């Protein structure tokens, strides 16, 4: 009998929990359709290939290489698209630093003279990235480009009807070492980024931004839901307390808490993990503050549309899942379809990751529009959340 009673009590508890879930269609919908929709958008939106690296070629007017971008496009180098040919290296590197192009390519000034001297002609590829994965990919593309240049040199010799081991471009290369003849051009990768790319350095600020958003969303969402279930919102309705005061108080409270945690986390990243902080701490504090405010607005919106703690937690976890997939934390945003990219930029953490990486690893903000976008997201989320909360707290 004791065993039967135990089973009955357990089954009663199971039935109670299932009944509570089924009584909230919104919770069931978010639980079932939420992960499926995120995975569906990820599967349909991810293109599965990297975009071509846009490149500027630096050539002097006297160079033997073609002076127009179309000639380089005709070479058919996969993964690199030449958009400009110029003699102004400073201007090209300025475009590189402002993220207008991905690489600057500097061919050898006189490849035949280099080969004749017995050493490989140097093809320099300049980039400006902090992501170690992107650095490796750019290095691979530089080697591919060097192979293409080698192929074109072989074609030149074939058109002249001469053997490469004897002449190239009319120059006698009989004494050139065989390894130079076999591979006359080598690629050299130069990275303008002020810090050496490392996994910890690159993903440290990104992980911090992701944690700060999730912490802010979860804390404020659970706080409002608990006050609703505990009857505090009903007491606020009968008191002089207004919705705008609740919003301001909650944002200030959790903003101060999040700011303290962020400050401690940045100190740990810099002091113990060796993540550089090249930019002004005040600018970094501004970005973190705006990220926290926008995240608190998102959490406030979740709280006013949730009817229980369980649903608030579910929506917070779905937001975390979407942020990991689409914010650029795992995969670059440029690798998704344009429509998915537009949705990704609606997440506060997307802008937080980019801005924090630029300040800490590059020393300054390159994508200034993302700072403005973060402010707009915060304002819109707080305004919508306040309107919904005002309607709920409005005296009958």
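Quick rundown of the values:
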quantity: Any chance residue 278 is farther than 24 Å from residue 222 by Cβ, in contact with a helix residue (DSSP H, G or I) (Cβ under 7 Å, 6 or more places away or on another chain) and surrounded by fewer than 21 Cβ atoms within 10 Å (Cβ to Cβ); calculated: yes
quantity: When residues of region 101-135 are limited to those that are under 17 Å from the mean Cα position of the chain (by Cα) and more than 18 Å from residue 72 (Cβ to Cβ), the one surrounded by the fewest Cβ atoms within 10 Å (Cβ to Cβ); calculated: 133
quantity: Filter result for the condition that a residue is outside the structural domain of residue 128 (by TED's automatic domain parsing), modelled with pLDDT under 60, within 21 Å of the chain's Cα centre (by Cα) and on the phi > 0 side of the Ramachandran plot, over 43, 48; calculated: 48
quantity: Count - residues of region 361-376 that are within 10 Å of residue 287 (Cβ to Cβ) and assigned to a helix (DSSP H, G or I); calculated: 3
quantity: Residue match in region 214-236 (condition: outside the structural domain of residue 283 (by TED's automatic domain parsing), crowded, with 20+ Cβ neighbours inside 10 Å, over 26 Å from the mean Cα position of the chain (by Cα) and in contact (Cβ under 8 Å) with a residue 60 or more places away in the chain); calculated: no
quantity: Entirely in region 100-212, the helices (runs of 4 or more DSSP H) that have 1 or more residues that are in the same structural domain as residue 69 (by TED's automatic domain parsing), on the phi < 0 side of the Ramachandran plot and modelled with pLDDT of 65 or more; calculated: 111-116, 132-159
quantity: So residue 377, is it closer than 22 Å to residue 96 by Cα and either in the same structural domain as residue 225 (by TED's automatic domain parsing) or modelled with pLDDT under 95 (or both); calculated: no
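Let's see how each residue does on (1) crowded, with 22+ Cβ neighbours inside 10 Å; (2) on the phi > 0 side of the Ramachandran plot; (3) under 15 Å from the mean Cα position of the chain (by Cα):
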position: 292; (1), (2), (3): yes, no, no
position: 299; (1), (2), (3): yes, no, no
position: 303; (1), (2), (3): yes, no, no
position: 312; (1), (2), (3): yes, no, no
position: 318; (1), (2), (3): no, no, no
position: 350; (1), (2), (3): yes, no, yes
position: 361; (1), (2), (3): yes, no, yes
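The values are calculated or read from the model by the stated rules, or taken from the named source; none is laboratory data. Note that the coordinates shown come from a computational prediction; the quantities given were computed from them, not determined experimentally. Here Cβ is always computed from backbone atoms with ideal geometry, including for glycine, and neighbour counts include all displayed protein chains.
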